[in-house]
Number of protein chains: 2
Amino acid sequence: MEHRIKNIFNSIKTKPDIIIIKNSGESIVDNNFFYFTGLEKGLFEGCSAILFPDGKMDLLVSELESETASKINANIKIYKNKDDYNTLLKASTNSAKKIGLNFNGITYRNVLNFYELFPNTDFIDISNNISKIRTIKDNYEIDLIKKAASISDHVKEKIPNLIHEGMHEYELAAEINYLIQKKGADKEAFDTISSFGKNTAEPHYSHGETNLKYGDFILCDFGARYKRYNSDITRIFILGKPNEKQKAMHEKVLEAQKLAFDYIKQGVKGCDVHKEVESFINKSEFKGLFIHSTGHSLGLEVHDGGVSLGPESNIMLEENMVLTVEPGIYIPGFGGVRIEDNILVKKDGVELLSKSSRELIDVS
Amino acid sequence: MEHRIKNIFNSIKTKPDIIIIKNSGESIVDNNFFYFTGLEKGLFEGCSAILFPDGKMDLLVSELESETASKINANIKIYKNKDDYNTLLKASTNSAKKIGLNFNGITYRNVLNFYELFPNTDFIDISNNISKIRTIKDNYEIDLIKKAASISDHVKEKIPNLIHEGMHEYELAAEINYLIQKKGADKEAFDTISSFGKNTAEPHYSHGETNLKYGDFILCDFGARYKRYNSDITRIFILGKPNEKQKAMHEKVLEAQKLAFDYIKQGVKGCDVHKEVESFINKSEFKGLFIHSTGHSLGLEVHDGGVSLGPESNIMLEENMVLTVEPGIYIPGFGGVRIEDNILVKKDGVELLSKSSRELIDVS
């Protein structure tokens, strides 16, 4: 991952001597640790990667992770306890006067510890730099996202066979996750959303004990994580024939998505894509019912930082960004429709990474 | 959750006027947000809970989460954008002169934003206080962990039927995760470890494409997450008859675990439990091959902070702590054995929360 390390140094004006990517416990994980090390497995709680301008890296790991860590090309130093860790860290940082840190991915506690350990050092926030270089995917990353997208496409085709009247939302989620893993994914990309009926009106609902009834919308929002890279798609099914309102919602969202596909290319702004989609929906009977962004960057994280298709996203789209495109219409107490796909931004348009069909399927 | 909020204020000497629990993006999640709100569903990225000494709470949520948030008893304020969020946050904090923050669960970036927003305010680190009150589980929490443990027990009994020669590690992981969810868990508690043969010697290995061969150890380390609370067990299987070395490893680990069960009760120190177990293993032919802590606290997180059964854990065990007990022996290039269960600390001993049998099962 030398090119990534060189990239990040090259992208910083006031160059730090070294950068420390400090990884924390399980619920505070900085994916940049995995971005720069290329480690595909392991947890690496509390471990640190120290990056040097020449593309080299020191990797401070606990004994627990030493065998997993040995699979990558790095100068690996194994610590047994906190004192050990501090000693090794000091040795690695050597005479560094300025240390770059990802202020967005490190806890305040860890920063205070660094201040104590390195009282004469300047700490520089490199979060924007990291965020920016990570928005542009390299071929290795694009291939992994394509693989992840092909797994979610495969699963989507199987969903109609899994659904039956009366089933619980969590049962469908279990079936979807099972298929994702059986196809060789690390795991699901995020908590699979499997919502029925009026629950589909809650964009961030996951799944509960609700039973499927005739006439219900079924919203499945899921993705695969393959070697840490994610896909993220949403499809709508229905048990029985859709009524006029349901049909109209689905058609409007599908048209809105098509509009976004046609609009996106290198050089347009994320917020302008969103405005196009939002104003298209607001011109219809569904005014005001599209209540989230049109899309987000996708990669090592499901919501990969730096760029989005949201109302406040002024960043220009560039070739090799990977984004979701996911317009929706949500009617509280009735139901919601979202259709979501993954695209690669090209010079003159988009390449669809998720390819499964988008029609409203009656699964009865 | 008023009692939790009162508890945390009561536990702090220099009392802040209010506490802010700031939740971040998906990979930076502060589970204390869920601890204090009691929210079972939703992501709540970037949302904040403002806790008041009288047990009341303001909840700042985006539109996206407003319906999910409405299920709890809180003063809910919905924001549309960052400016909105800042305005609402200022209104909630009102005349607070001291604000408590969890320095372990908040990014440096968020702290810097708070400093900017509240230039005349003192910020107090309440991470140790939170950590301490969370180590003692209330009955509601114990019931959820028991439910999670009963799900992993159920899955453990099914594992022998799932295994066949030649299968991939990731296939077994997929089967385990499927059963966990089919039994009504939210999801698996963490990335299920399903390792074969010499991969079992890597404690934090997850699963890969290795095929199962005759004579291989099969290590399954998995748990269920039920309403956000976790179980975490490890069992060893073998395809075929174990050789003498394999048998000896398994027996030694089982004895070590039994020793820990007998030793643990209110009033003993975590490090002393670990020393007992470690020195027992070190007296055998497997000296130096137990390379991690004997156990960790379990709850909303799989590695719930505050207390552990590790070499540096000076904290006295107390009634109603929930811990894992998981001795292991790891021989690089050969294989590893770990046996892990979940216990509740009682006045005069332990209550086993996971109850499935621990023998070395030949699944051929």
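The values are calculated or read from the model by the stated rules, or taken from the named source; none is laboratory data. Given the structure is predicted, the values throughout are model-derived calculations rather than measurements. Cβ placement follows ideal geometry from the backbone for every residue including glycine, while neighbour counts extend to all protein chains displayed. Just the protein is used for accessible areas: all its heavy atoms, side chains included, with ligands, DNA and RNA removed. Shrake-Rupley method; radii C 1.70, N 1.55, O 1.52, S 1.80 Å.
Sorting A:His292, A:His250 on solvent-accessible area from highest to lowest, probe radius 1.4 Å, gives A:His292, A:His250. Among chain A residues, the beta-carbon with the smallest distance to the axis carrying A onto B is reported, with distance in whole Å, as A:Tyr178, 2. DSSP beta bridges confined to chain B are antiparallel in about 75 percent of cases.
For chain A, the mean residue ellipticity at 222 nm estimated from helices alone is -10500 deg cm²/dmol, where every DSSP H run of n ≥ 4 contributes -39500 (n - 2.57) and the total is divided by all residues, rounded to the nearest 500. Close amide H partners of B:His296, meaning residues 5 or more places away or on another chain with modelled amide H under 5 Å apart, are B:Leu309, B:Thr324. Computed across the protein assembly as shown, the Kirkwood hydrodynamic radius from all distinct Cα-Cα pairs reaches 26.7 Å. For the stretch A:49-84, trypsin sites (Lys or Arg not before Pro) meeting the loop criterion (DSSP other than H, G, I, E, B) and having at most 15 other Cβ atoms within 10 Å: A:Lys56, A:Lys71, A:Lys80.
For the stretch A:188-203, the Karplus equation 6.51 cos²θ - 1.76 cosθ + 1.60, evaluated at θ = phi - 60°, returns couplings of 5, 6, 6, 4, 4, 8, 9, 10, 10, x, 6, 4, 5, 7, 9, x Hz by residue, with Gly and Pro reported as x. The charge dipole of the protein assembly as shown, taken about its Cα centre with unit charges on the Cβ of Lys, Arg, Asp and Glu (plus for the first two, minus for the last two), comes to roughly 740 debye.
Any idea what the relative contact order of chain A is, in percent, if you count C-alpha pairs under 8 Å spaced at least 6 apart? Kindly include the intermediate steps, with their values, before the conclusion.
On the way: 796 pairs, mean separation 54.3, N = 364.
Worked out over chain A, it gives 15 percent.
Dipole orientation for the stretch B:2-134: of the candidates B:Leu88, B:Phe118, B:Thr68, B:Phe118 has the Cα lying most toward the positive pole (charges on Cβ; Lys, Arg +1; Asp, Glu -1). Assign one of three labels to the stretch A:88-158, namely rounded, prolate or oblate, based on the Cα gyration tensor with a ≥ b ≥ c the square roots of its eigenvalues; rounded applies when a/c is under 1.5, prolate when it is not and a/b is larger than b/c, and oblate otherwise. Prolate.
Considering only B:Lys347, B:Lys275, B:Lys245, the mean-square fluctuation computed in a Gaussian network model of chain B, springs between alpha carbons under 10 angstrom, is largest for B:Lys245.
Taking K and R as +1 and D and E as -1, what net charge do the other residues with C-beta under 13 Å from the C-beta of A:Pro311 add up to? Could the numbers behind the result be given before it?
Working: positive: A:Lys269, A:Lys275, B:Lys80, B:Lys82; negative: A:Asp272, A:Glu276, A:Glu278, A:Glu312, B:Glu63, B:Asp83, B:Asp84.
Its environment carries a net charge of -3.
Angle check, please: helix A:82-93 long axis (alpha carbons) against the longest principal axis of chain A (alpha carbons), in degrees 0 to 90, nearest 10. Roughly 80 degrees between the two axes.
In cubic angstrom, how much convex hull volume per residue do the alpha carbon atoms of the stretch B:64-115 span?
Values: hull volume 6.3 nm³, N = 52.
Output value, Cα hull per residue: 122 Å³.
Against the criterion of solvent-accessible heavy-atom surface with a 1.4 angstrom probe, B:Glu312, A:Glu67 sort, most first, into B:Glu312, A:Glu67. Given the options A:Glu278, A:Glu65, A:Glu301, which has the most mean-square fluctuation in a GNM of chain A, springs set between C-alpha atoms less than 10 angstrom apart? Sorting by GNM fluctuation, first place goes to A:Glu65. Over chain B, the reciprocal of the mean inverse Cα-Cα separation, the Kirkwood hydrodynamic radius, stands at 21.9 Å.
Dipole of the stretch A:210-364 computed with +1 at Lys/Arg Cβ and -1 at Asp/Glu Cβ about the Cα centre; of A:Leu352, A:Ser364, A:Asn320, farthest Cα towards the positive end is A:Ser364. Note on B:Asn128 and A:Lys158: the model spin-label points, each 7 Å out from Cα along the C-beta direction, lie 5.1 nm apart. Solvent-free Debye calculation, one equal scatterer per alpha-carbon of the stretch B:100-226: log10 I(q)/I(0) at 0.17 Å⁻¹ equals -0.89. Sorted from shortest to longest, the distances between the A:Glu351 label points of this copy and the other copies are 5.8 nm, with each point 7 Å from Cα along the line through the beta carbon.
Relative contact order, percent, of the stretch A:159-278 when contacts are C-alpha pairs under 8 Å separated by at least 6 residues?
On the way: 176 pairs, mean separation 25.2, N = 120.
That works out to 21 percent.
Here the stretch A:320-364 and the stretch A:49-72 have alpha carbon centers that stand 38 Å from each other.
Taken residue by residue and averaged, Cβ atoms of other chains lying within 10 Å of the Cβ of A:206-219 number 1.
Over 24 Å apart: what share of the alpha carbon pairs of the stretch B:174-291 falls there, rounded to a whole percent? The proportion of pairs with Cα distances above 24 Å equals 40 percent.
Once the other residues with Cβ under 11 Å from the Cβ of B:Asn129 are scored (Lys, Arg +1; Asp, Glu -1), what is the net sum? So the environment of B:Asn129 carries a net charge of +3.
All other residues whose Cβ lies under 12 angstrom from that of A:His154 are scored, Lys and Arg at +1 and Asp and Glu at -1, for a net of +4. For the stretch B:2-134, the calculated P(r), taken from all Cα-Cα distances in 5 Å bins from zero up to the bin holding the longest distance, is 2, 11, 23, 26, 23, 12, 3, 0 percent. Structure remark: mean-square fluctuation, Gaussian network model of chain A, C-alpha springs under 10 Å; the largest value among A:Asn230, A:Asn129, A:Asn139 belongs to A:Asn139. Label-point distances for A:Val363 to the equivalent site in the other copies, using a point 7 angstrom along Cα→C-beta, read 2.9 nm when ranked shortest first. Taking the DSSP beta bridges in the protein assembly as shown as the whole, what percent of them are antiparallel, to the nearest 5? Percent antiparallel among DSSP bridges in the protein assembly as shown is about 75.
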